[in-house]
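Data block below; observations after.
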Amino acid sequence: MSLDILIFGAHADDAEIGMAGTIAKHTAAGLKVGVCDLTRAEMSSNGTVERRTEEAEQASRVLGLSCRTNLGLPDRGLYITPEQVQAVTAEIRRHAPRIVFAPYWEDRHPDHIMCSKLVQEAVFNAKLRNYMPDMPAVQVEATYFYFINDIGPTDLIVDITEHYEQKEASLRCYRSQFEQGEGIVSTPLNQGYIERVKARDSLLGQRSLISFAEGFATKTPYVVTQFGV
């Protein structure tokens, strides 16, 4: 399936934490948006692989995703290897997205950092016609980076106020991660994490008088046609 936007995360729920509102805004506008989770999050303290898969499917329906895939790479085993770069590159070529999103390159979770690096390598390789020549080369127009645990310098923000209920609903699909209960191990994710994400999104928008916003970084200059328009 050809996509307008393809978002990569190390684990199911990464994309929702960082940019579920932006996803909902673009799917509501009729764009085709997909998410690719690199791992099955088998090292998570709570939840099983099967339950995480079901939760990801529920969140995908809430956000109106065109597709969601999982590369099955090892959780806590993401590295810049030829095999892993090829797997991510192949995903980009399968969907030929105009825009790719990846986690910001600095984060407390090492898998988020490695996911960011893998995607950057793959975006570059995807355009090389002599790399994996059995698949057509793909030129991605732009790559943006979303924030998960740690906020960094923000190059642009998206007003997601009208879609914030969808963001919260998508996050609450991941009950194994964000809710407490019998047999649940205490982690930073089930200690008011959704509320902290909401506070972050509110704070990010306040300088622009926006109720809720999601921020993004870019490594290339952001092009505008004309100022004040």
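The values are calculated or read from the model by the stated rules, or taken from the named source; none is laboratory data. What you see is a predicted model, and the numbers here were worked out from it, not measured in a lab. Note: ideal-geometry Cβ built from the backbone for every residue, glycine included; neighbour counts use all protein chains shown. Quick note on the areas: whole protein, heavy atoms, side chains included, nothing else; ligands and nucleic acids left out. Shrake-Rupley method; radii C 1.70, N 1.55, O 1.52, S 1.80 Å.
Determine whether ILE23 is surrounded by fewer than 24 Cβ atoms within 10 Å (Cβ to Cβ) and either within 15 Å of TYR144 (Cα to Cα) or among the polar types (S, T, N, Q) (or both). Answer is no for this residue.
Quick one: is SER176 in contact with a Leu (Cβ under 7 Å, 6 or more places away or on another chain) and touching a residue at least 60 places away in the same chain (Cβ under 8 Å)? Judged against the criteria, SER176 is not a match.
The number of residues in segment 149-200 that are part of a loop (DSSP other than H, G, I, E, B) and over 20 Å from GLU54 (Cβ atoms) comes to 11. Filter segment 115-142 down to the residues that are part of a helix (DSSP H, G or I), touching a helix residue (DSSP H, G or I) at 6+ places or on another chain (Cβ under 9 Å) and open to solvent by less than 50 Å² (accessible area, probe 1.4 Å) and list them by number. Passing the criteria: CYS115, LEU118, VAL119, ALA122, VAL123, ASN125, ALA126.
Take the residues of segment 55-86 that are in contact with an Asp or Glu (Cβ under 8 Å, 6 or more places away or on another chain) and of a type in the set (Gly, Ala, Ser): which is nearest to GLY9 (Cα to Cα)? It comes out as ALA56. If the condition is being open to solvent by 40 Å² or more (accessible area, probe 1.4 Å) and part of a loop (DSSP other than H, G, I, E, B), then segment 201-211 contributes ARG207, SER208, LEU209, SER211. Considered as a group, the residues in segment 157-193 that are at pLDDT 95 or above and of a type in the set (A, V, I, L, M) include one that is surrounded by the fewest Cβ atoms within 10 Å (Cβ to Cβ), and that residue is ALA169. Within segment 50-83, take every residue that is among the hydroxyl-bearing types (Ser, Thr, Tyr) and open to solvent by less than 80 Å² (accessible area, probe 1.4 Å) and give me the one that is nearest to GLU168 (Cα to Cα). Only one residue tops the list, namely SER60.
So that you can scan it fast, the table gives a plain yes or no per residue for (1) modelled with pLDDT of 95 or more; (2) open to solvent by less than 60 Å² (accessible area, probe 1.4 Å); (3) touching a His at 6+ places or on another chain (Cβ under 8 Å):
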{"residue": "MET1", "(1), (2), (3)": "no, no, yes"}
{"residue": "ASP14", "(1), (2), (3)": "yes, yes, yes"}
{"residue": "ASP37", "(1), (2), (3)": "yes, yes, yes"}
{"residue": "THR48", "(1), (2), (3)": "no, no, no"}
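Kindly evaluate VAL100 against the criterion of being of a type outside the set (Ser, Thr, Tyr), crowded, with 19+ Cβ neighbours inside 10 Å and farther than 22 Å from GLY215 by Cβ. So VAL100 fails the test. Search segment 89-109 for residues that are under 12 Å from GLY9 (Cβ atoms) and pair each with any residue that is polar (S, T, N, Q) and open to solvent by less than 10 Å² (accessible area, probe 1.4 Å) when their beta-carbon atoms are under 7 Å apart and the residues are at least 6 apart or on different chains. Within 7 Å, the pairs are ALA102/SER116; PRO103/SER116; TYR104/SER116.
Restricting the first member to segment 148-169 and to residues that are under 20 Å from SER60 (Cβ atoms), and the second to residues that are open to solvent by less than 60 Å² (accessible area, probe 1.4 Å) and among the basic types (Lys, Arg), the beta-carbon pairs closer than 9 Å and six or more apart or on different chains are ILE160/LYS167.
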